[in-house]
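The structure under discussion appears below in the form of structure tokens.
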Amino acid sequence: MTVPVPDVRHSVHAVVTAVPLEPVEPVPVPLPTVALLRRFGADADQLAAFEARTHARVLHRSGSVASARADAVAARLEALTLAAQHDGLVVDLAVPRLVTHTVDETDPHAPRQWVALDVDDVRATGSDVVSHGLATFGLPEIRCADVPLIALAATIAVLTGLTHRLLAEWPDNDPVGAATVTLADVADALGEPAPPRDPAAEGGYGVDVALALVGDELVVTIEGDAVALFT
């Protein structure tokens, strides 16, 4: 089964300010809780700043998947610019989390600015790692199930590299099927130099993954040893 390309995708941000922006929203904007923002990386100072800004303006842009990257960047820049003009903060409501980069730092090729990976549904057999934010680009969110604690950090790193590939290749390439996530993919996603290939490395230079569309999610199975890749 291939991933259907939606007719439209959406970018939604909230700009929170201490003073309401004109025109005032006719209905109060429901915002993420402090606990949820903390879960997605906000620190104590950022949370205090958020709580001090009790008014919100929602900025919504929609468009085709073909223009998703340009539209997402334009929406983010609009929100950051408005926030800078009014001593505000920007919340990416797709995750949801506080946007901590500046206008000049906004990078459509940096997946960590657009997609968050979260540990969900902790069980005795392991935890699920799920994404939040791929839908902004018309992609299903990914889920990697039953990840053992010992492999959690390595799995998140592999999935970070995978999200980088998904954003770079969608919608030209359908994500369903087999792929290999390399150390270069992970480095690119983190904005770091690609490590040199070492033929003697036991973990190799990449790990095989399989992606299947299950419901409205892309289920990722890591078929190699993610831990060995980073040792």
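Only one of the numbered conditions (1) modelled with pLDDT of 95 or more; (2) closer than 26 Å to Ala35 by Cβ; (3) under 17 Å from the mean Cα position of the chain (by Cα); (4) of a type in the set (D, E, K, R) is not met by Glu105, and that is (2). Per the conditions (1) under 30 Å from Ala212 (Cβ atoms); (2) in a strand (DSSP E or B); (3) of a type outside the set (Val, Ile, Thr); (4) open to solvent by 80 Å² or more (accessible area, probe 1.4 Å), the sole criterion not satisfied by His60 is (1). Contact map, region 177-192: first residue more than 13 Å from Ala154 (Cα to Cα) and among the acidic types (Asp, Glu), second residue open to solvent by less than 20 Å² (accessible area, probe 1.4 Å) and at pLDDT 95 or above, Cβ cut-off under 8 Å, separation 6 or more or different chains; pairs are Asp185/Gly161; Asp185/Leu162; Asp188/Gly161.
Restricting Leu89, Leu77, Leu139 to those that are in contact with a helix residue (DSSP H, G or I) (Cβ under 7 Å, 6 or more places away or on another chain) and over 26 Å from Asp185 (Cβ atoms) reduces the list to Leu89.
Within region 113-124, residues that are on the phi < 0 side of the Ramachandran plot and acidic (Asp, Glu) have Cβ atoms under 9 Å from residues that are modelled with pLDDT of 80 or more and outside any strand (DSSP E or B) in these pairs: Asp118/Arg39; Asp118/Phe40; Asp118/Val95, counting only partners at least 6 apart in sequence or on another chain. Open to solvent by 10 Å² or more (accessible area, probe 1.4 Å) and hydrophobic (A, V, I, L, M, F, W, C): is that true of Leu134 in this structure? Criteria not met by Leu134.
Of the strands (runs of 3 or more DSSP E) lying entirely inside region 69-177, those containing at least 2 residues that are in contact with an Asp or Glu (Cβ under 7 Å, 6 or more places away or on another chain) span 116-123, 126-132, 141-147. Thr17 fulfils the conditions (1) more than 13 Å from Pro96 (Cβ to Cβ); (2) surrounded by fewer than 16 Cβ atoms within 10 Å (Cβ to Cβ); (3) among the hydroxyl-bearing types (Ser, Thr, Tyr) except for a single criterion, (2). Among the numbered conditions (1) free of Cβ contacts under 8 Å to residues at least 40 places away in the same chain; (2) surrounded by fewer than 19 Cβ atoms within 10 Å (Cβ to Cβ); (3) in contact with a strand residue (DSSP E or B) (Cβ under 7 Å, 6 or more places away or on another chain); (4) closer than 23 Å to Val3 by Cβ, the only one that Val129 does not meet is (2). If you check Asp188, Asp216, Asp174 for being surrounded by 16 or more Cβ atoms within 10 Å (Cβ to Cβ) and acidic (Asp, Glu), only one passes: Asp188.
Taking Pro175 as the residue in question, decide whether it is within 29 Å of His60 (Cα to Cα) and out of contact with any strand residue (DSSP E or B) (no Cβ under 7 Å at 6 or more places or on another chain).
For Pro175, the condition - within 29 Å of His60 (Cα to Cα) and out of contact with any strand residue (DSSP E or B) (no Cβ under 7 Å at 6 or more places or on another chain) - is not met.
Screening Arg197 with (1) under 11 Å from Leu162 (Cβ atoms); (2) of a type in the set (D, E, K, R); (3) over 19 Å from the mean Cα position of the chain (by Cα) gives one miss only, at (1). Among the residues of region 37-51, not a single one is open to solvent by 30 Å² or more (accessible area, probe 1.4 Å) and farther than 28 Å from Asp120 by Cβ.
The values are calculated or read from the model by the stated rules, or taken from the named source; none is laboratory data. Note that the coordinates shown come from a computational prediction; the quantities given were computed from them, not determined experimentally. Heads up, the Cβs are rebuilt from the backbone with ideal geometry, glycines too, and the neighbour counts pull from every protein chain shown. Note: accessible area is taken over every heavy atom of the protein model, side chains too, but ligands, DNA and RNA are not part of it. Shrake-Rupley method; radii C 1.70, N 1.55, O 1.52, S 1.80 Å.
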